[in-house]
Amino acid sequence: MLPSKSPAPSEDTKLYFDMLEQAADGVVIINQLNHVVFFNTAAEHLWGCSAADVVGKNVNCLVPSEQRAQHDGYINHNRNTGINHIVGTSREVVFTRSNGDYVSAEMSISTAIIGPDKQRYYMAFLKGVTEESHRRKILDLQNRVFHQLSGESPEQDIADMLCAEAEQLVPNTVAVLLQVNGEQNLEILSGEGLSRRKIAMLMRIALTDADIAALTEAPEEARSIVWNADPSSGQESEFLDCWASAICNGAGELIGIFALYSRNRDKITNWPQKIVAGCVPSCAAIIERGKTRQQLSRLDRYDALTGLLNRNAVTTILRDMTLQSASSPFALLVLDVDLFQDINNLMGYDQGDALLQTMAQRLVAQCRSNFITGRLGGDDFVVIIPNGDHDIADAFADSLTAAMREPVVINNQEIIISLSIGISLYPDDGLEIEHILNRAEMAMLEAKKTARKSFRLQASGKYCK
């Protein structure tokens, strides 16, 4: 029954109602007071509520809460001016069902003057397109992600874009993309809407081997990892629900987790989990691209055999050190393994590589944390000692020579490594990087030629055994 302030429909409108009740699409009609006077069965299915709950109420009860305050103004503007912005057009709209789900529909609006009182009525036809809309939007999102991945956009920006779009698909949520690092901890790649407390909670998570096995077997188990429903945590005051999925690469290895945290107080059905699942392939592509770039960057800076800095990286560091406005002195040592070619010839290149790896490990163990170590190529290594002088370089070369006397077991054979070391000093031996490096290499060659198991200071010409 309509309230007394809402005039009853005329006989003409009742005829329309009888016809429209059979329509397959949702039909909603409002009168001059913006009250709902008709709500067919298809509309009941779309909104999840009965006509008895809606008829006689302001139509704004059917629109999302954030739009209700302005809704009457939009309708009255058309009613008073006759200017049609949406009347006679079709567009996609999103509204909330009675169970809290967000539903998408194609809506077209028409208007007519009806009845002896010549009152203006508005009629909306709505066709539910939620599944189609979500599929289309996810495909569009995937296309945009892969388009950006093919360019130069940073992974951080692409991840932020994906999370923002996911939040649009499931309103009143916060999306977060997490990646798993080498220590099996979670790192936040994107999650702009997260509080510091939530970020800290996620960063404390350390995955066990059992966690990883469970997540690769059942991706939806990710919710149990990133959602803590313990009331004592105070989490309920921030988020009320969560949907999540594990992210695996093409080899089936766990590389991340994508999650949506909800602030919706109404209980929503599990369709947001489909949105999460639809975003997972894009998330995997973002994480894998980031890892590939890191690997390429590492290959560009580090020696693949020993893990030390390569010659290009060492040269770059030296250039930065000398270009500083108040550059400090340093000592540069070039080290060469004596008789290394003979070891290669006798034992094979694989055993020679193993020897170089052991050499690199011993070298790093002897260096202070502020020393810079690298491999120049072949069996040549370099050490940079910040603020190093003659005495510091001498003492380090002595300790390094002593450390290398410990036998190395390669292929069940004991080998004793000896080094020839050349030392140059900045700025005493030059100001140009290549000049300083060449002076140290020349000193090393002189030491090797004159007295193996020794080092030579380029500036003084001194040999030490």
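Points worth noting:
- Check on Asp300, of a type outside the set (Phe, Trp, Tyr), out of contact with any Gly (no Cβ under 6 Å at 6 or more places or on another chain) and touching a residue at least 12 places away in the same chain (Cβ under 8 Å): yes
- Selected residue (criterion: modelled with the highest pLDDT) from residues of the stretch 106-123 that are crowded, with 16+ Cβ neighbours inside 10 Å and among the β-branched types (Val, Ile, Thr): Ile109
- Candidates Phe146, Phe95, Phe125: the one that is outside any strand (DSSP E or B), touching a residue at least 24 places away in the same chain (Cβ under 8 Å) and among the aromatic types (Phe, Trp, Tyr) is Phe146.
- Output for the stretch 414-465, where each listed residue is assigned to a helix (DSSP H, G or I), buried (at least 17 other Cβ atoms within 10 Å of the Cβ) and either over 45 Å from the mean Cα position of the chain (by Cα) or at pLDDT below 85 (or both): Arg439, Ala443, Met444, Glu446, Ala447, Lys448
The values are calculated or read from the model by the stated rules, or taken from the named source; none is laboratory data. Please read these numbers as outputs of a predicted model, since none were measured by experiment. Here the Cβ is made from the backbone with ideal geometry for all residues, glycine too, and neighbour counts use every protein chain on show.
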